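Bear in mind that the values in this text are calculations on the coordinates, not laboratory data. Because the structure is predicted, anything quoted here is derived from the model rather than measured. No Cβ is skipped: glycine too gets one built from the backbone with ideal geometry, and neighbour counts run over all protein chains shown.
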Amino acid sequence: MNSPNPQDSADSAVICSAKGCRAAAVWVLAWNNPKLHTPDRRKTWLACEEHREHLSQFLGVRGFLKDVVTLAEWEASAAGR
Ligand SMILES: [Zn+2]
C-alpha cells in the first residue's frame, strides 16, 4: 500500500499526512493492518480538517481504521493523563 509521508515520530512537525499537504494536522487517525501488525499495534496518520475524511476513507475501505481522535486528545492519552 502506498503510504503518505512516513511520519510516525511524535516529535517532528505536526503536519498533515496527506500527499503534498503542508497544513497543520488537527486529527490523528489510528490504524492497524492485520496482515502486518499485531492487533494491539497502532500506526498513526495525521490529518488536517480538509483531509480527515479522505484519509479516513482510505483506511476505512481497507478495514484498517481503528480510531479518529483530535490531536489534543491523542497527545493527552499518549501522555497517560
Ligand atoms: Zn491535509
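For this structure, a couple of remarks:
- Residues of the stretch 24-66 that turn out to be closer than 20 Å to Val14 by Cα, out of contact with any helix residue (DSSP H, G or I) (no Cβ under 9 Å at 6 or more places or on another chain) and either more than 16 Å from the ligand (Cβ to nearest atom) or assigned to a loop (DSSP other than H, G, I, E, B) (or both), as a count: 3
- Residue ID - nearest to Arg22 (Cα to Cα), chosen from residues in the stretch 42-57 that are charged (D, E, K, R) and under 13 Å from the mean Cα position of the chain (by Cα): Glu49
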